[in-house]
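Undergrad: Below you will find the structure I want to go over with you.
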Amino acid sequence: MARNWEEFLVEKVLLLAAISSIIIILLIIGFVIQQGLPAMEQVGPLNFIFGMDWSPSYDIYGVFPMIVGSLGMMALALLFAVPLSIFGAIFLAEVAPKTMRRILKPTIQTLAGIPSVIYGFFGLIVLVPFMRIHFGGSGFSMLTASIILTVMVLPTILSISEDALRSIPLEYKEASLALGATHWQTIKNVIFPAALPGIVTGIILGMGRAIGETMAVIMVAGNTPIIPGSILEPARALTSNIALEMGYALGLHYNALFATGIVLLMMIIVLLVITNYINYKRKVTVGGGYL
Amino acid sequence: MDTKYIIGAIVIIVVIIGVALYAGGAFTKPEGKITIVGSTSVQPVAEKLAEAYHNANPDVNITVQGGGSSVGLKSVQDGTAQIGTYSSKLSSEKAPGIEQYVIANDGICIIVNKDSNVTDLTADQVKEIFAGNDSSYTVVTREEGSGTRDAFIDLIMGGKNGTNITKSAIVQSSTDAVKQAVAGNPNAIGFMSLADVDDSVKVVKIDGVEPSEATVKDGSYKIQRPFLFLTKGAATGVTLEFINWCLSAEGQKIVQEEGAVPV
């Protein structure tokens, strides 16, 4: 009887541990929705999402400029980071000699361990004046934020891509080389397509980090709640909007910040679904490349 | 057999938690406890005052929390705090039944980059610049809800129903970030509390008056605000003693050390 108890208990504890993360996520989503919904209702969901003006002191809440800001910064950051990290990953996985990899890999992983506020501070002190001198304007801009974000997502995409490239069975490479293909042809036509699903996973994670980053973006993006006219103008991200005003917000303003959280959550879910769908499609066309 | 142990253990845990909660509640003496909630601008001064007072009177525990001036007023009205702090002028119609104690004054400085050749502006010029009507400046402001921003809007922009700060202003989330932004851009203009100004930026004279402890105290520097302690009705007991101590020479010395202007 004692043994059965033990079995039962261990089973349940393990189950609990496994579902606890799901429970926590559901609780958080539930709380954010519960707190944000009153503002959505009062302002009107469409007015809230597509409203151009954010003036909490007049109870006007529209987050469209922030949606543009968040998506713009993320897109720009990925535009810089994806090619860099994929080529970097190919170099590390296929070309680099062993000693070089031993130095490069930990260096890149260190980048991932630097706290975001340090990146932000670096951006504020070094990058913002640099951008102001060389590109004009105030230096606080979407582009400045994207450059900081690029450095922040680079290690994520790079190390996951490298792992994906290295986990391709050696037979693929051997077969390709045996057919007379050059090293570059093998990388381009065999290894890279086979590793693509893993690379896409890395890009998704990088995307998540870019869109969720708060502190570094607050410090360098300028945080103006209007749609930027160009990438050299300041912008405000959804996350920055919450973090900037959370300390003081009361009543409807408080709820509106949670509603901003709902918008952010929805955006991330939509992006995840899209990228997962692309990934799924890709898997089929590559044909058995997925491991 | 095992079930018994488990039930026994649960009973013991429940009893321990119950006793702990009961004892924790019973040992709290409300008499010696003051909660101060409100303005983030007053917070550093209030914290220092509370610390010094607690050191002199160890049986009085003072908690200081931020939240903003509006939170300070609200908490003192609904009784969750004994003292609410407020960092701008408060009309008695807006806060009926609330006693106001001015514990310090603070000047709001208009700051520009060190390399800027601007030294003197009128209040109207500052208003025009922050309204976005002068494109030669990069306007740096604080986030919505900040006490310094509210005071600036009240004193320069003509209050909430006056002129708005331009939407294209750079928004920085702290005094230090504003300082950094202004220090790093020759065209930038911003505002910050007199207490936080240092050599990295240049302070502009307003209507010919340079902000300083003396000019704030004699009222000749116009962009100033009081740091208020609010209580529901006249303060009594420990709260009154604390406020009186803050207004005493000893308390005012701490106010001065924190960079605010003594009353």
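Undergrad: Please compute the net charge surrounding residue A:177, taking Lys and Arg as +1 and Asp and Glu as -1 over other residues with Cβ under 15 Å from its Cβ. Kindly include the intermediate steps, with their values, before the conclusion.
TA: Values: positive: A:173, A:188; negative: A:94, A:171, A:174.
In short, -1.
Undergrad: If each DSSP helix of 4+ residues adds -39,500 (n - 2.57) and the sum is divided by the residues in chain A, what number results at 222 nm, nearest 500 deg cm²/dmol? Walk me through the numbers before you get to the answer.
TA: Numbers: 13 runs with 216 residues, N = 291.
For chain A, the value works out to -25000 deg cm²/dmol.
Undergrad: Full extension from residue B:167 to residue B:240: what is 0.36 nm times the residue separation minus their Cα-Cα distance, to one decimal in nm? Don't jump to the answer; show the numbers that get you there.
TA: On the way: separation 73, 0.36 × 73 = 26.28 nm, distance 4.33 nm.
Between residue B:167 and residue B:240, full extension yields 22.0 nm more.
Undergrad: If r is the Cβ-Cβ distance from residue A:100 to residue B:176 and R0 is 30 Å, what FRET efficiency results, to the nearest 0.05?
TA: Details: r = 41 Å, r/R0 = 1.36.
Once the sixth-power term is evaluated, E becomes 0.15.
Undergrad: Region A:49-289: Rg/Rh from Cα coordinates, Kirkwood Rh? All intermediate terms of the calculation are to be shown ahead of the outcome.
TA: Numbers: Rg = 20.6 Å, Rh = 19.5 Å.
Computed over Cα atoms, the ratio is 1.06.
Undergrad: Okay, next question. Within a Cβ distance under 12 Å of residue A:43, other residues only, what is the Lys/Arg minus Asp/Glu net charge?
TA: Numbers: positive: none; negative: A:41, A:53, A:59.
Once positives and negatives cancel, what remains is -3.
Undergrad: How many nm is it between the label spots at residue B:54 and residue B:213, if each spot is 7 Å from the Cα in line with the beta carbon?
TA: 2.6 nm
Undergrad: At 222 nm, what helix-only mean residue ellipticity would chain B give, in deg cm²/dmol to the nearest 500, using -39500 (n - 2.57) for each DSSP H run of four or more? Please list the in-between numbers first.
TA: Values: 9 runs with 98 residues, N = 263.
The helix contribution divided over chain B gives -11000 deg cm²/dmol.
Undergrad: Can you sort B:203, A:200, B:11 so the residue with the fewest Cβ neighbours within 10 Å comes first?
TA: On the way: B:203 18, A:200 21, B:11 10.
With the fewest neighbours first, B:203, A:200, B:11 line up as B:11, B:203, A:200.
Undergrad: Using r as the Cβ-Cβ distance of residue B:92 and residue B:115, and R0 as 41 Å, what FRET efficiency do you calculate, to the nearest 0.05? Present the calculation step by step, with values, prior to reporting the outcome.
TA: Working: r = 45 Å, r/R0 = 1.11.
The computed FRET efficiency comes out at 0.35.
Undergrad: Go ahead and set up a Gaussian network model of chain B, Cα springs under 10 Å, then flag whichever of B:153, B:12, B:223 fluctuates most.
TA: In the Gaussian network model the winner is B:12.
Undergrad: Over region B:106-224, calculate the relative contact order: mean separation of alpha carbon pairs under 8 Å at least 6 apart, over the residue count, as a percent.
TA: Details: 213 pairs, mean separation 53.7, N = 119.
Result for region B:106-224 is 45 percent.
Undergrad: The protein assembly as shown: percent of C-alpha pairs farther apart than 45 Å? Could you put the intermediate results ahead of the total?
TA: Details: 49973 of 153181 pairs.
Beyond 45 Å sits 33 percent of the P(r) for the protein assembly as shown.
Undergrad: Order these by the 10 Å Cβ neighbour count, fewest first: A:138, A:159, B:146.
TA: Fewest-to-most ranking of A:138, A:159, B:146: A:159, A:138, B:146.
Undergrad: Under the definition of Cα pairs under 8 Å and six or more residues apart, what whole-number percent is the relative contact order of chain A?
TA: On the way: 373 pairs, mean separation 78.1, N = 291.
Across chain A, relative contact order equals 27 percent.
Undergrad: Normalised by the number of residues in chain B, what is the relative contact order in percent for Cα pairs under 8 Å and 6+ residues apart? Mind dumping the intermediate values first?
TA: Numbers: 476 pairs, mean separation 71.4, N = 263.
Over chain B, the number comes to 27 percent.
Undergrad: Now a separate question. Sorted from fewest to most neighbouring beta carbons within 10 Å, what does the list B:141, A:182 look like? It would help to have the intermediate numbers written out before the result.
TA: Numbers: B:141 24, A:182 10.
The order, fewest Cβ neighbours first, is A:182, B:141.
Rule-based calculations on the coordinates, nothing more; no lab input. Note that this is a predicted model, so its numbers are computed, not measured. Neighbour counts are summed over all protein chains in view; Cβ atoms, including those assigned to glycine, are modelled from backbone coordinates with ideal geometry.
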